[in-house]
Amino acid sequence: VKIASILMGPYAIPVIATLIVLACLTTALILADLFSQFMCREIFKQKIPEHVCLIVTLGLSFSLSLLGFGALAKWLAFLLNYAYPALIAYTVAMIIHSKTAKLKPAYFFWGVLILVIFLDFFKISPHI
């Protein structure tokens, strides 16, 4: 913004701020639409209309935005603590599956997810 104000003068700041707001808004709308389509097609198998999935997505997004960044960061850290190992295993399984087609990548995801939850439940910390 500082460079734009130097190059374009005093009118640059409102223009750049407007462009940033529009860029964030369009990104949020596209992501909400993509997630609602995924939820409608993959999770609910098109048993629920797409506009209902979009309303649920926007309501969920709005509710999460009210938590504030600190609470959202804590919630995501908790969730990702379990999801990351499973997603890494799924990614490796997908790479192997693309070469051999003998693996079921979903089994790796669920297996590692269950293992991580089990290890955390019993407070077992694998030291590598």
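Averaged over all directions, how much area does the convex hull of the C-alpha atoms of segment 1-112 cover when projected, in nm²?
Values: hull surface 45.5 nm².
Spelled out: convex hull of the Cα atoms, projected over all directions, averaged, 11.4 nm².
How high is the relative contact order of the chain, given as a whole-number percent (alpha carbon pairs under 8 Å, six or more residues apart)? Each step should come with its number before you reach the end.
Numbers: 62 pairs, mean separation 16.7, N = 128.
The value is 13 percent.
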Rounded to whole Hz and in sequence order, give me ³J(HN,Hα) for segment 94-103 from the Karplus expression 6.51 cos²θ - 1.76 cosθ + 1.60, θ = phi - 60°, writing x for Gly and Pro. 5, 5, 5, 4, 5, 8, 10, 6, 9, 9
Cysteines in the chain lacking a second Cys C-beta under 4.7 Å: C24
Could you give me the ³J(HN,Hα) list for segment 44-54, computed from phi with Karplus coefficients 6.51, -1.76, 1.60 and θ = phi - 60°, whole Hz, x at Gly and Pro? 9, 6, 6, 7, 10, x, 5, 5, 5, 4, 5
When ligands, DNA and RNA are left out and all protein chains stay put, how many square angstrom of accessible area per residue does segment 43-128 have with a 1.4 Å probe? 82 Å²
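The values are calculated or read from the model by the stated rules, or taken from the named source; none is laboratory data. In this text the structure is predicted, and so the values were computed from the model without any measurement. In this analysis, Cβ positions are derived from the backbone assuming ideal geometry, glycine residues included, and neighbour counts consider all displayed protein chains. Ligands, DNA and RNA are excluded from the accessible area calculation, which covers all protein heavy atoms including side chains. Shrake-Rupley method; radii C 1.70, N 1.55, O 1.52, S 1.80 Å.
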